[in-house]
1. I'd like the full set of residues that are part of a strand (DSSP E or B) and under 15 Å from S95 (Cβ atoms), limited to region 19-62.
2. State all residues of region 61-82 that are under 25 Å from F9 (Cα atoms) and either modelled with pLDDT of 95 or more or not β-branched (V, I, T) (or both); if no residue qualifies, say none.
3. Pairs needed: first member in region 138-157, touching a residue at least 12 places away in the same chain (Cβ under 8 Å); second member anywhere, basic (K, R) and open to solvent by less than 20 Å² (accessible area, probe 1.4 Å); C-beta distance under 9 Å; at least 6 residues apart or different chains.
4. Take the residues of region 38-91 that are under 17 Å from T147 (Cα atoms) and of a type in the set (D, E): which is most open to solvent (accessible area, probe 1.4 Å)?
5. Determine if region 33-47 includes at least one residue that is more than 25 Å from A132 (Cα to Cα), touching a Ser or Thr at 6+ places or on another chain (Cβ under 7 Å), hydrophobic (A, V, I, L, M, F, W, C) and in contact (Cβ under 8 Å) with a residue 24 or more places away in the chain.
6. Of everything in region 19-37 that's in contact with a strand residue (DSSP E or B) (Cβ under 8 Å, 6 or more places away or on another chain) and either of a type in the set (S, T, N, Q) or at positive phi (or both), which residue is most open to solvent (accessible area, probe 1.4 Å)?
7. Can you name every residue in region 115-153 that is assigned to a helix (DSSP H, G or I), open to solvent by 30 Å² or more (accessible area, probe 1.4 Å) and charged (D, E, K, R)?
8. Are any of the residues in region 70-84 in a helix (DSSP H, G or I), under 24 Å from R16 (Cβ atoms) and either without any contact (Cβ under 8 Å) to a residue 12 or more places away in the chain or aliphatic (A, V, I, L, M) (or both)?
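The values are calculated or read from the model by the stated rules, or taken from the named source; none is laboratory data. Values in this document were obtained by computation on a predicted structure and should not be read as measured data. Glycine gets a Cβ as well: all are built from the backbone with ideal geometry, and neighbour counts include every protein chain shown. Quick note on the areas: whole protein, heavy atoms, side chains included, nothing else; ligands and nucleic acids left out. Shrake-Rupley method; radii C 1.70, N 1.55, O 1.52, S 1.80 Å.
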Amino acid sequence: MPDTGYWTFPPDRITRGSGVRYELTVLNPPFTAEVDDLPPNDPERAAEFAGSLGTIDYVIEDLGLRKQSDTITVATRADLDLVQVGAWGNLVSVSDPAFADDGNLDDEPNQNDWGALATACLAGADPWGRAALDASSLRVRHSEHTTSHMEALYLSD
């Protein structure tokens, strides 16, 4: 039986919204990385990085590699257990639906495109949307707090 963690909704429950971008990218020195020059993804380091995040209790299953251009679509509750993470030399990056928020900030909805700002800051080191890069696709167990946050964000009526 799969690990359902702290979820109170069934895996086939349809989600609201898709959380278009919810990425965290860390570029370690030297800060001159270019995606075209990065080594292949290191799946072990990628899983270790994912497991080090406060949103994730542990990795349940490695689902294999997927292209960075193939983003995970969140359609059901089960999709909320999937993260895409890569470790390419001095660059590590993860996409986790737990990073999404409800937009309840001081800004008006869609006033700021934070994803575009991150892309501009990373420049040639931005790994997202790159067909030439493989990343690890992982099924994870999120923390209790994170699961509660995602239920409120994606599943509550």
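1. Listed by number, the residues that qualify are E23, L24, T25, V26, I56, V59.
2. Hits for region 61-82 are E61, D62, L63, A75, R77, A78, D79, L80, D81, L82.
3. Pairs that qualify, where the first residue is touching a residue at least 12 places away in the same chain (Cβ under 8 Å) and the partner is basic (K, R) and open to solvent by less than 20 Å² (accessible area, probe 1.4 Å), are M150/R77; E151/R77; Y154/R77; L155/R77.
4. D57
5. Within region 33-47, none of the residues are more than 25 Å from A132 (Cα to Cα), touching a Ser or Thr at 6+ places or on another chain (Cβ under 7 Å), hydrophobic (A, V, I, L, M, F, W, C) and in contact (Cβ under 8 Å) with a residue 24 or more places away in the chain.
6. The extreme case among them is N28.
7. If the condition is that a residue be assigned to a helix (DSSP H, G or I), open to solvent by 30 Å² or more (accessible area, probe 1.4 Å) and charged (D, E, K, R), then E144 is the only one that fits.
8. Yes, there is a match, as at least one residue in region 70-84 is in a helix (DSSP H, G or I), under 24 Å from R16 (Cβ atoms) and either without any contact (Cβ under 8 Å) to a residue 12 or more places away in the chain or aliphatic (A, V, I, L, M) (or both).
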